[in-house]
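Asks: Quick one: the structure is below, questions incoming.
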Amino acid sequence: MAEILKIFENSLKKSKAEQTELVCEKEEFYLSRFSENKINANVGRNDRTIWCRAIVGKKIGIAKTNILAQEAVDDLVNRALEICSQQNDDPQFSGLVYSPPTNHPGGYFESTAKFSAMAKAQAIKSIVDIAQSHNLETSGMFQNSATELTVANSLGTVQQGKVTEARLSVTLSGDNDDRAGSAQACARDVSQFDYKAIAQFAAEKASRSTSPIELTPGQYTVILEPEAVADFLLFLGFLGFGGKGMVSGRGFMADKIGQQIMSSSVTITEDPFNPVMAYMPFDYEGLPRQTTPLVENGMAMGAVYDSYYAALKSTQSTGNALPPDNKFGPYPKTMVMNPGQKLLAEIIASSDNAIFINHFWYLNYVNPMKTMVTATTRDGTFMIENGQVGAPVKDIRIMQSMLESFNNIETVSSDRRLVYKFGVLMYVPALKINNFNFVPSE
């Protein structure tokens, strides 16, 4: 990291642009994939991406490379400047922003960074042993990674940080598609994983999944496990909790700040410093990440911003800038949903009639402004009758407004899980929701 910073400082001094920004993200990750109770792939990658953003007036040029050498980075700056000269002005761009070094550490653990392929194989074997004891087969993946981020710009910003992450995804299945159960785990510190508990959790679902019944389309009370809640929360983040939608008016939150949009039992916060998140403490502009209320007791509170959209909204960046060449704009990366008062087991025990849903498959937008989505259930859907998890239910399609479902919450669980989906971490409870819509599959 010291070498990267020295190269950056030298290149910034030589840059002929009015403003220059250099970003280096280095990632080292190792992945084991397994299926049919065997590891079938071990891969590793150690690489870096270096971006330069060169600015002259209102023109912006962006170039990138993966070669870390003084000559290569000098050339990168010159290429970004050449690209800049060919661009049209962006009249809305207000320039780079300076930030002093952040005081928050990221969540870095040697136990995760140095976790070996043999250690993963031993963990996977313990999962396979449990699967075989239930006459099931395993499939899934186990990944450990270490990420370093360096940001420096010509205004004097210098930020460096590193984090680790371990992710495990397991599906246990029988001899037909109806018999399956899944589980996942995510942590900065891989030593927090309890492999046997994870496997047993999936095995219990798969062992129940025999002779599933077919559900008649209609409205039902459902209990969403944290993975299913995270599916919805991820899409809410994309559709409304980002500053681009607030500026353009095309996000569902744009005209709802200060209004009640969800049940009063819902509080959602972008919280990068929550101990289970321990996220990189600054963004790709080198600006410090902020704890940001999104929804508080059901009321729409705000969104996350990078410096570009913050300036357009006359507010401050929340430290949610993505890499310089992104087109999507800022969105939450570390959402935390407040817990309730009852354990999930207690919610199930107190439910006379409900559908228990593990997670959704192929979730997609139908009407973004109304937060309407469609998906099918997957890997563990069951009837709950008289407080007991009973017969499995064949996978069925949903057609549901996510805001409507978050308005129809009856109970929030006190136990939560950390869920990773598409680069976003979410620490979420289970939810009991009334009037949930199931529709015909065709």
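Asks: Which Cα, out of Met402, Ala69, Ala113, lies furthest along the positive dipole direction of the chain (beta carbon charges, K/R +1, D/E -1)?
Replies: Ala69
Asks: Could you sort out which of Lys370/Lys432; Lys16/Lys58; Lys256/Lys370; Lys333/Lys370 sit more than 19 Å apart by Cα distance in this structure?
Replies: Pairs exceeding 19 Å: Lys370/Lys432; Lys333/Lys370.
Asks: Answer with one residue from Leu234, Ser145, Ala54: the one whose Cα lies farthest towards the positive end of the charge dipole of the chain, charges on Cβ with Lys, Arg +1 and Asp, Glu -1.
Replies: Ala54
Asks: Please check: in the Gaussian network model of the chain (C-alpha springs, under 10 Å), which one of Val158, Val366, Val73 has the largest mean-square fluctuation.
Replies: Val366
Asks: Using packing as a proxy for protection, rank 49-57, 242-250 so that the peptide with the highest average count of other Cβ atoms within 10 Å comes first.
Replies: Output ranking for 49-57, 242-250: 49-57, 242-250.
Asks: With N set to the number of residues, divide the alpha-carbon radius of gyration of the chain by 2.2 N^0.38 Å and report two decimals.
Replies: 1.05
Asks: Report the Cα centroid-to-centroid distance between the stretch 276-329 and the stretch 403-442 in angstrom, as an integer.
Replies: Each part reduced to its Cα centre gives a spacing of 23 Å.
Asks: On to the next question. Over 17 Å, how big is the tail of the calculated P(r) for the stretch 105-169, in percent of all Cα pairs? Show your work: numbers first, answer last.
Replies: Details: 1181 of 2080 pairs.
When all Cα pairs of the stretch 105-169 are counted, 57 percent exceed 17 Å.
Asks: Cα atoms only, the stretch 2-203: Rg and Dmax in Å?
Replies: 22.7, 67
Asks: Per-residue HN-Hα couplings for the stretch 180-192, Karplus 6.51 cos²θ - 1.76 cosθ + 1.60 at θ = phi - 60°, whole Hz, x for Gly and Pro?
Replies: So the Karplus estimates, Gly and Pro as x, are 7, x, 10, 8, 9, 8, 8, 6, 6, 10, 4, 5, 6 Hz.
Asks: Would you mind working out the magnitude of the charge dipole of the stretch 2-203 relative to its Cα centre, with +1 at each Lys and Arg C-beta and -1 at each Asp and Glu C-beta, to the nearest 20 Debye?
Replies: 300 debye
Asks: In addition: Highest mean first, what order results for 408-421, 315-328 on Cβ atoms within 10 Å? Let's see the in-between values first.
Replies: On the way: 408-421: 19.9, 315-328: 18.1.
Highest to lowest by the protection proxy: 408-421, 315-328.
Asks: A follow-up question, please. Can you give me the Cα centroid spacing of the stretch 109-143 and the stretch 25-72 in angstrom?
Replies: The stretch 109-143 and the stretch 25-72 have Cα centres separated by 26 Å.
Asks: Give, rounded to the nearest 20 debye, the magnitude of the charge dipole that the stretch 211-442 has about its Cα centre when Lys and Arg contribute +1 at Cβ and Asp and Glu contribute -1 at Cβ.
Replies: Roughly 440 debye, rounded to the nearest 20.
Asks: For the stretch 211-442, what Kirkwood radius comes out of the mean inverse Cα-Cα distance, in Å?
Replies: That comes to 18.1 Å for the stretch 211-442.
Asks: Among Gly249, Ser265, Gly286, whose Cα sits farthest toward the positive end of the charge dipole of the stretch 242-290 (+1 at Cβ of Lys/Arg, -1 at Cβ of Asp/Glu, about the Cα centre)?
Replies: Gly249
Asks: Here is a further query. Please report, in debye to the nearest 20, how large the charge dipole of the chain is about its Cα centre when each Lys and Arg carries +1 at its beta carbon and each Asp and Glu carries -1 there.
Replies: The dipole of the chain has a size of about 560 debye.
Bear in mind these aren't lab numbers, they're just calculated from the coordinates by the rules spelled out. Since this is a predicted model, take the numbers as computed values, not measurements. Cβ atoms come from the backbone with ideal geometry, glycine included; neighbour counts cover every protein chain shown.
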